[in-house]
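A.B. asks: The following block contains the structure, expressed as structure tokens.
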Amino acid sequence: MKIITVTNQKGGVGKTTTASSLFAGLSMMGKKTLAIDLDPQCNLSYCYKADTSKPSIKNVFKGEIKLSEAIQQTSTGDFIQSDKSLNNIMQELNAIDQVYKLSKVLKEVSDKYDYVIIDTPPALSPLTINALVASTSVIIPVQADSFSMQGAEALAETIQGIRDVNKDLEISGVLLVRYKGRAGLAQHMNEQFIKFANMFETKVFETKIRDAIAVQESQLARQSIFEYNPKSNVALDYANFIKELING
């Protein structure tokens with residue numbers, strides 16, 4: 001089971017859209033996939049119309065239920081919703097569980113799924129640490145600007161420290177989103193991200209996710225980009241990205 005965390009310590013960089021598209025795209029390819037929303041903002045849960053009357057990852061972290069009891073079936077695949085009070089719950093956990101809780105509970109489903117996709121909050125917190133410690137790989141979505149670069153650099157340094165307790169963790173790559181290829185700044189930042197990737201022994205994905213209004217429209221419709229407009233440029237970009245990810 002491959003566990004992929006989608007994260008960046010800067011918000012507004014297409015993190016949840018990337019997690020959603022990865023979840024939907026892998027499921028469409030016939031992969032057994034579980035998505036977990038670890039972001040208390042619950043954006044991914046909203047996108048997949050999670051039933052808020054049912055248990056969430058909060059109940060799993062509190063030890064009230066097993067992980068399997070929090071799984072909801074959606075048209076895309078299996079899903080575990082977040083909770084707005086999740087940060088508070090993390091503060092109640094002991095020091096070990098603030099680091100290892102997710103890793104421990106995921107063992108319950110290790111023979112059931114091909115992929116687990118984790119969406120995280122846009123900050124370094126016990127939730128993000130839990131995701132990274134449990135994961136086999138990380139995808140860092142960024143925009144072509146200096147703030148995204150700063151967030152990626154801070155995250156990469158964090159990952160270097162996480163590898164002390166999770167030696168299997170790798171940075172699968174940096175994914176440029178909302179990309180405007182003809183813009184001089186975009187091309188310049190792409191070169192900067194390549195230098196960054198080389199420094200941390202990873203890569204910038206060849207596939208770039210183009211800027212498109214279809215992303216905002218799909219969020220409004222509460223659908224993945226593949227459900228909302230599978231022929232849009234951004235859907236084609238995400239499909240190519242997933243193929244690139246799987247093929248290495």
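A.B. asks: Modelling each spin label as a point 7 Å along the Cα-to-Cβ direction, I'd like the SER68/LYS203 distance in nm, to one decimal.
C.D. replies: 3.8 nm
A.B. asks: Tell me the label-point distance for the pair PHE147, SER53, using the 7 Å Cα-to-Cβ offset, in nm and rounded to one decimal.
C.D. replies: 4.0 nm
A.B. asks: Under the Kirkwood approximation for Rh and a Cα-based Rg, what ratio Rg/Rh is obtained for the chain?
C.D. replies: Taking Rh as the inverse mean 1/r over Cα pairs, Rg/Rh reads 0.94.
A.B. asks: Same structure, new question: Give the calculated FRET efficiency between GLN91 and TYR46 to the nearest 0.05, with a Förster radius of 25 Å applied to their Cβ-Cβ distance. Numbers along the way, then the final one.
C.D. replies: Working: r = 24 Å, r/R0 = 0.96.
Efficiency, rounded to the nearest 0.05: 0.55.
A.B. asks: Taking 8 Å as the Cα distance limit and 6 or more residues as the minimum spacing, I'd like the relative contact order of the range 164-248 as a percentage.
C.D. replies: On the way: 82 pairs, mean separation 24.4, N = 85.
Reported as a whole number, the value is 29 percent.
A.B. asks: In whole percent, how big is the carbon plus sulfur part of the accessible area of the chain, probe 1.4 Å, protein atoms only? Walk me through the numbers before you get to the answer.
C.D. replies: On the way: 5340 of 11220 Å².
Ligands and nucleic acids excluded, carbon and sulfur give 48 percent.
A.B. asks: Can you give the extra length, in nm with one decimal, that the chain gains between THR136 and HIS188 once fully stretched, where that is 0.36 nm per residue apart less the Cα-Cα distance? Present the calculation step by step, with values, prior to reporting the outcome.
C.D. replies: Details: separation 52, 0.36 × 52 = 18.72 nm, distance 3.05 nm.
So the extension gain works out to 15.7 nm.
A.B. asks: Through the Karplus equation 6.51 cos²θ - 1.76 cosθ + 1.60, θ set to phi - 60°, convert the phi angles of the range 79-88 into ³J(HN,Hα) values in whole Hz; use x for Gly and Pro.
C.D. replies: With coefficients 6.51, -1.76 and 1.60, one gets 8, 10, 7, 8, 8, 5, 9, 4, 4, 5 Hz.
A.B. asks: Taking amide H positions as placed 1.01 Å from N in the peptide plane, with prolines and chain starts having none, which residues 5 or more places from VAL142, or on another chain, fall under 5 Å of its amide H?
C.D. replies: Close amide H contacts, sequence-distant or interchain: LEU175, LEU176, VAL177.
A.B. asks: Rounded to whole Hz and in sequence order, give me ³J(HN,Hα) for the range 235-248 from the Karplus expression 6.51 cos²θ - 1.76 cosθ + 1.60, θ = phi - 60°, writing x for Gly and Pro.
C.D. replies: 5, 5, 5, 5, 5, 5, 4, 5, 4, 5, 4, 5, 7, x
A.B. asks: Pull up all non-local amide H partners of ALA35: gap of 5 or more, or a different chain, and H-to-H distance under 5 Å with H placed in the peptide plane.
C.D. replies: When sequence neighbours closer than 5 places are left aside, the close amide H contacts are ASP78, PHE79, ILE80, ILE117.
A.B. asks: Continuing with this model, one more query. So who's got an amide H within less than 5 Å of the one on LYS10, skipping anything under 5 residues away but keeping other chains? H placed 1.01 Å off N, in plane.
C.D. replies: none
A.B. asks: Can you compute the radius of gyration and Dmax for the range 79-188, using only the Cα atoms, both in Å?
C.D. replies: 15.9, 50
A.B. asks: Follow-up question, since we're still on this one. In Å², and per residue, what accessible area does the chain have when probed at 1.4 Å with the other protein chains present?
C.D. replies: Numbers: 11220 Å² over 248 residues.
The answer is 45 Å² per residue.
A.B. asks: Moving on. If you scale each eigenvalue of the Cα gyration tensor by 5 and take the root, what three semi-axes come out for the range 42-132, rounded to whole angstrom and sorted largest first? Kindly include the intermediate steps, with their values, before the conclusion.
C.D. replies: On the way: eigenvalues 76, 48, 34 Å².
Gyration-tensor ellipsoid for the range 42-132: 19, 15, 13 Å.
The values are calculated or read from the model by the stated rules, or taken from the named source; none is laboratory data. Worth saying up front: this structure is predicted, and the values here are computed from it rather than measured. Here the Cβ is made from the backbone with ideal geometry for all residues, glycine too, and neighbour counts use every protein chain on show. What goes into the accessible areas is simple: the full protein's heavy atoms, side chains included, and nothing from ligands, DNA or RNA. Shrake-Rupley method; radii C 1.70, N 1.55, O 1.52, S 1.80 Å.
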